[in-house]
Amino acid sequence: MKRRKRKKSHILEKVVSYVALFFVGEILFGVGGYFCIMTHLPDAVGIPLMTAGFFLIVVFSCTMQGEYDRFISRRYSGRPVYRVGRAGVREKSVKIFVDLDGVLAKWDAKVSVEDTYAPGFFLTREPEPEAIAAVKLMREKGLDIYILTCAYQNGLAEPEKDAWLSLVGLSDIPRIFVPYGKRKSDYVCTADASVLLDDYSKNLHEWRAEGNIGCKFYNGINGTHGTWDGYSVSCGMSAEQIAEVITAIVRTQTGLKATA
């Protein structure tokens, strides 16, 4: 009962945030249009307001597209979207979980914690093209792939990451949002060993401690302490090479028959 109430509360929060996002965008765009047409301040006030409003409307549209794609994926293919709890992901035996920040999206070492709370931060991350292409290749091969990423519970991080995934062509990939500061391994439960592609060694060690398989993504700014001794790929590899390594790990460790 408590889990059901938490689920309903989470859905209500998302609906409220999406509606607010849309109406704020509409209001800004409308006010900006008024200043452009009815006043002599189009450059100083009107255009910036219309730009901000248009930006929010685009975020809303991309987010809604991602929500729809995930609903269709879950409704017609049996794929779960995301769940909070130990039994969140089940079905099938072999799964590949891919981190977003620092793997699919490039990370800037100069960014401060305060910067990550700013509106639009996660929506404007630069894509890691080879990692994104590798995910698409593995999906084409029929591998069971999920996005597993941490997110602030501030009403911004989740919809922005949803919209970002739509912009880079990964809207159909189911995703799991783990509250920031929580262990990823606590939010995924599978019957058989699963693979995690992540840039953070702490996540990988926790993942491996649960009997799963970790693969570190070296993105050019991590790996300075040398604490990870398991499988790895890097941003300097091609999409085909990254997909080949992950596919080989799955094939070797779980016995899944997959072709490179």
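Other residues lying with their Cβ under 12 Å from the Cβ of residue 136 contribute a combined charge of -2, Lys and Arg counting +1, Asp and Glu -1. Over the stretch 85-254, what is the percentage of antiparallel beta bridges among all DSSP beta bridges, to the nearest 5? For the stretch 85-254, the DSSP antiparallel bridge percentage is about 5. Once backbone amide H atoms are built at 1.01 Å from N, residue 145 has 96 as its partners under 5 Å, excluding neighbours fewer than 5 places away on the same chain.
Spin-label pair residue 154-residue 189: with each label point 7 Å from Cα along the Cα-Cβ axis, the two points sit 3.1 nm from one another. Each residue, residue 121 and residue 27, gets one label point 7 Å from its Cα in the Cβ direction; the gap between the two is 2.4 nm.
Amide H contacts of residue 107: 102, each under 5 Å away and 5 or more positions distant or on a separate chain (H built 1.01 Å from N in the peptide plane; Pro and chain starts excluded).
Would you mind checking the pairs 110/182; 161/182; 161/184 and listing those with alpha carbons more than 20 angstrom apart? Table pairs above 20 Å Cα-Cα are 110/182.
Computed from the coordinates by the stated procedures, all read-outs in this text should not be read as laboratory data. Computed from a prediction, not measured in an experiment: that's the story for all the values here. When we count neighbours, we look across all protein chains shown, and the Cβ atoms used for this are built from the backbone with ideal geometry, even at glycine.
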